[in-house]
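The values are calculated or read from the model by the stated rules, or taken from the named source; none is laboratory data. On a predicted model such as this, the values are computed, not experimentally measured, just so you know. Cβ coordinates were reconstructed from backbone atoms using ideal geometry, including for glycine residues, and neighbour counts include every protein chain displayed.
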Amino acid sequence: MPGRILVAEDEPYIVEAITFLLCHKGYEVTAVEDGAAVIPAIANAKPDLLILDIMLPSANGFEVLSRIRSAQNLRALPVLALTAKGQEADRQRMTELGVDDFVTKPFSNRDLVSRVDRLLATGPQNQPAARN
């Protein structure tokens with residue numbers, strides 16, 4: 001089940017943790033720390049899944065997801081959003097924009113890997129966004 005994952009997150013320790021977890025599972029992980037870098041990174045890395053932090057510099061997760069869902073060649077890309085605990089308004093907005101699932105920060109390792117595995121197994125937009 002290994003695949004390519006792009007992580008868009010500006011906190012280095014979170015990128016390091018996600019990269020370690022997913023590489024250990026056999027996934028190939030690429031990371032960017034800036035919202036403006038996501039679309040070019042998708043073109044270069046051709047990921048099977050995007051893990052997208054909502055709070056990014058240059059272009060936030062809402063802007064990035066909106067661009068992805070409006071682009072014919074990108075709209076099927078599964079997107080797993082990273083949200084801060086208790087940000088229900090952000091979750092609602094991401095759901096409206098077409099996010100596939102959420103992971104709440106701080107996240108459990110098992111939950112993150114489980115959600116990644118499930119999204120890659122089921123494909124984009126096949127699961128309603130979870131509400132943990």
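Remarks
- Residue within the stretch 11-21 that is in contact with a helix residue (DSSP H, G or I) (Cβ under 6 Å, 6 or more places away or on another chain), modelled with pLDDT of 95 or more and outside any helix (DSSP H, G or I) present: no
- Of residues in the stretch 44-73 being in contact with a strand residue (DSSP E or B) (Cβ under 9 Å, 6 or more places away or on another chain) and part of a loop (DSSP other than H, G, I, E, B), the one surrounded by the fewest Cβ atoms within 10 Å (Cβ to Cβ): K46
- Test for I5: is it β-branched (V, I, T) and touching a Phe, Trp or Tyr at 6+ places or on another chain (Cβ under 6 Å): yes
- Residue within the stretch 79-89 that is out of contact with any Pro (no Cβ under 8 Å at 6 or more places or on another chain), over 19 Å from R4 (Cβ atoms) and assigned to a loop (DSSP other than H, G, I, E, B) present: yes
- Qualifying residue in the stretch 24-37 (condition: closer than 18 Å to D100 by Cβ, among the hydrophobic types (A, V, I, L, M, F, W, C) and surrounded by fewer than 17 Cβ atoms within 10 Å (Cβ to Cβ)): no
- Residue match in the stretch 75-96 (condition: in contact (Cβ under 8 Å) with a residue 24 or more places away in the chain, crowded, with 20+ Cβ neighbours inside 10 Å and among the charged types (D, E, K, R)): yes
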